[in-house]
Each structure stands twice: as C-alpha cells, then as structure tokens.
Amino acid sequence: MALRRRNFVPNDAYPYATPVSLTYDSGDYFKTLDMAVKAANYGSFEQRRQEAARCGKLRGIGICTYIEACAMASSVMAGQLGARAKRHRRVSQCNGSRRQGLPCNCVRKFPR
C-alpha cells in the first residue's frame, strides 16, 4: 500500500504535467485508495485468509491503481471536433473516439 501511495500525484501538485505531455487537472488518489481499502474491508483480510485456509482454500488480495485516459483526441483531430452551422438549416457534427479494445466499429454505425 505504501508503494502505491508513494507513486500518487500529491494533491497540491495540480495541474500536473506528466512525462508524456499530458496534464492532469485534478484528483485525490489518496482519498480514492482509502475509500477502496475501506470498501474491501482490507484490515480484516488476514482473518478472512485464515478462515479460508481452515476450509482448505487459498485466499489472496491485491491492490492495483491506474489512471484511465478518457476523451483523448489526437492534436490533429482536436481542432476538428464540434458542431458547425451550415447553409440551408443544416448542422455538421464531428465527434472523436479511440479504440479501447472494444468493438467500437459496431457502436459507430449510425444511420444517416
């Protein structure tokens, strides 16, 4: 747990420029981890592990933290996103998305 906390962006460091040219505008990862630890009843894990062992079962627990990159468009595309009014009461809209390992092509097939 200490290693996870050591690698968090401190709450007073925002906005935080990452080494890969992204900027995080806000976050409280310490509080989020505290909430997850409480929800998992992490403090009583050893007792639950011992109870499982008495039943012949193995029990483990792991902690993983990450930041999910959402709504990221390439710099080329970012200038093209949005809606534009056109002649004859028409509107042109351009949205962007990234492949995320999901079948995105299925959800992009909108009728015209």
- prompt: Under a plain spin-label model, where a point goes 7 Å from the Cα along Cα-to-Cβ, how far apart in nm are ARG59 and LYS31?
  reply: 3.1 nm
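What's the exposure ranking of TYR24, TYR66, going from fewest to most Cβ atoms within 10 Å?
TYR66, TYR24
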field: Label-point gap, in nm, between TYR42 and LEU22 - each point 7 angstrom along Cα→Cβ
entry: 2.2 nm
Under-5 Å amide H pairs with TYR14, H placed in peptide plane, nonlocal only: none
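Only the coordinates and a few stated rules stand behind these numbers; no lab work does. All figures in this text were calculated on a predicted structure; none of them were measured in a lab. Please note: Cβ atoms are built from the backbone with ideal geometry, for glycine as well, and neighbour counts cover all protein chains shown.
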